[in-house]
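Structure first, then comments.
What follows draws every value from the coordinates through simple rules; no lab data is involved. Computed from a prediction, not measured in an experiment: that's the story for all the values here. Cβ placement follows ideal geometry from the backbone for every residue including glycine, while neighbour counts extend to all protein chains displayed.
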Amino acid sequence: MTNLCILFGGKSTEHEVSLRSSHSVMTALDRSRYTLTTVGITKEGKWYLYTGDIEKIPDGSWAADEANLTPAFFKPDADDPYLYTANGRAIPVDVVFPVMHGANSEDGTLQGLFEMKGLPFVGPGCASSAVCMDKSYAKLILNNIDIPMAEALTVTDSEIAESMEQIRRTVEENYAYPVFVKPANAGSSVGVKKAKNGEALEEALQTAAKFDRKVLIEEFIEGREIEVAVLGNYAKAKALACGEVVPGAEFYDYDDKYNSDAADLRVPAPISEDEKERVFELAEQIYAALDCRGLSRVDFFLCPDGSFVFNEINTLPGFTSISLYPRLAGAAGIGYAELVDRLVELAMEKE
């Protein structure tokens, strides 16, 4: 039996997404293979061993189930594979699956702790997670290997507060409206706005700056949204399948992803075999260049001229019942429970 510790929640704007993702993982888990320990992290950043009904996790009511909450923590000590609780328990952990999204979750912070401990965990390492989370840094690296991407301008919250007119002037001199404005370090389309004019640009910048210190302003790319699931460690990883997202709104926003049936998710994507081969090759190239391991979803635009433009990479994509990554794995013949098994095995592979 493998001692698996699942982390859920977190001090992130994507806290609720994590609750739904983690519940799906726990429900699908083959309990004959794992001894499961569940650790919930509140929106305030408090860690608890949760021993209650997992059906209380998706709606957040687990956090009020005080009889089943015990403060818990990992020591940063190397070669100390235990979760400790405030009442004196030391629970053995072989591998951690942080089913968490966004800041303080998939941005290298948790990953750094587990790397320091030498404790295996699902997903990319500290440096890779940090770079992939920060869209501006990911662009800098991928620029060096000539990956086609949208042109972008990065600004800071202080620049937004002090130099809005200059930012607007720079954008209007270099790009045509509409443009996309997004926090550099956020996922699930949190804080993302499509700005069709200068007034909308200023409003979008102020919104994005609430979620991150750095904000990207990207040129609009006309194209179909194609997303590729990649599974494996480093350069040995392989693209599994690709899907197409046909948004219910102007773009695939948070509501489409988690609260709505409006978006049409086509799995597999209705593209030609040549297009599939090219986007798989690009996804694997990006995955290797960013030193990813375990899993990632790599998102592209398929332009009218048949070219692919990289959009972003998500190192711990959603695992809810309607999330695309598990559906893409399913299209490649990997069921949900088997996918979890594969991710745990990849985490425990010797480097």
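To the nearest 500 deg cm²/dmol, what mean residue ellipticity at 222 nm is calculated for the chain from DSSP H runs of n ≥ 4 alone, each contributing -39,500 (n - 2.57), summed and divided by the residues?
Dividing the helical sum by the residues of the chain leaves -9500 deg cm²/dmol.
Taking neighbour Cβ counts within 10 Å as the exposure measure, how do Lys193, Lys214 sort from fewest upward?
Ascending Cβ contact count within 10 Å gives the list Lys214, Lys193.
With a cut-off of 8 Å between alpha carbons and a minimum separation of six or more residues, what is the relative contact order of the chain in percent?
That works out to 17 percent.
Subtract the Cα-Cα distance of Arg169 and Ala331 from 0.36 nm times their separation in residues, and report this length gain in nm to one decimal.
Net length gain for the segment: 53.7 nm.
For the range 293-340, max minus min Cα coordinate along each principal axis, in Å, sorted largest first?
That works out to 39, 20, 19 Å along the principal axes.
Helix 164-174 against the longest principal axis of the chain: what's the angle in degrees, Cα atoms only, rounded to the nearest 10?
It works out to around 70 degrees.
Say the dipole of the chain comes from +1 at the beta carbon of Lys and Arg and -1 at that of Asp and Glu; which of Ala200, Phe121, Gln166 then lies farthest toward its positive end?
Phe121
Counting pairs of alpha carbon atoms under 8 Å apart in space and at least six apart in sequence, what relative contact order in percent does the range 173-231 give?
40 percent
When only C-alpha pairs under 8 Å and at least 6 residues apart count, what is the relative contact order of the range 2-121, in percent?
For the range 2-121, the relative contact order is 32 percent.
Angle check, please: helix 273-289 long axis (alpha carbons) against the longest principal axis of the chain (alpha carbons), in degrees 0 to 90, nearest 10.
70 degrees
In degrees from 0 to 90, rounded to the nearest 10, what is the angle of the helix 198-208 Cα long axis to the longest principal axis of the chain?
Once rounded, the angle reads 10 degrees.
In 5 Å bins starting at zero, report the fraction of Cα pairs in the range 85-138 per bin as a rounded %.
Binned Cα distances yield the sequence 4, 19, 27, 20, 14, 9, 4, 2, 1.
P(r) tail for the chain, what percent of Cα pairs lie past 35 Å?
22 percent
Neighbouring Cβ atoms within 10 Å as the yardstick, rank Asp80, Asp299, Asp30, Asp94 fewest first.
Final ranking by Cβ density, sparse to dense: Asp30, Asp80, Asp94, Asp299.
Just grab the label-to-label distance for Glu151 and Gln206, each label 7 Å out from Cα along the Cβ direction, in nm (one decimal).
2.8 nm
Would you mind checking the pairs Lys11/Lys194; Lys182/Lys214; Lys139/Lys276; Lys117/Lys350; Lys43/Lys194; Lys139/Lys236 and listing those with alpha carbons more than 20 angstrom apart?
Beyond 20 Å: Lys11/Lys194; Lys139/Lys276; Lys43/Lys194; Lys139/Lys236.
State log₁₀ I(q)/I(0) for the range 2-121 at q = 0.18 Å⁻¹ as given by the Debye formula over alpha-carbon point scatterers of equal weight, solvent excluded.
-0.92
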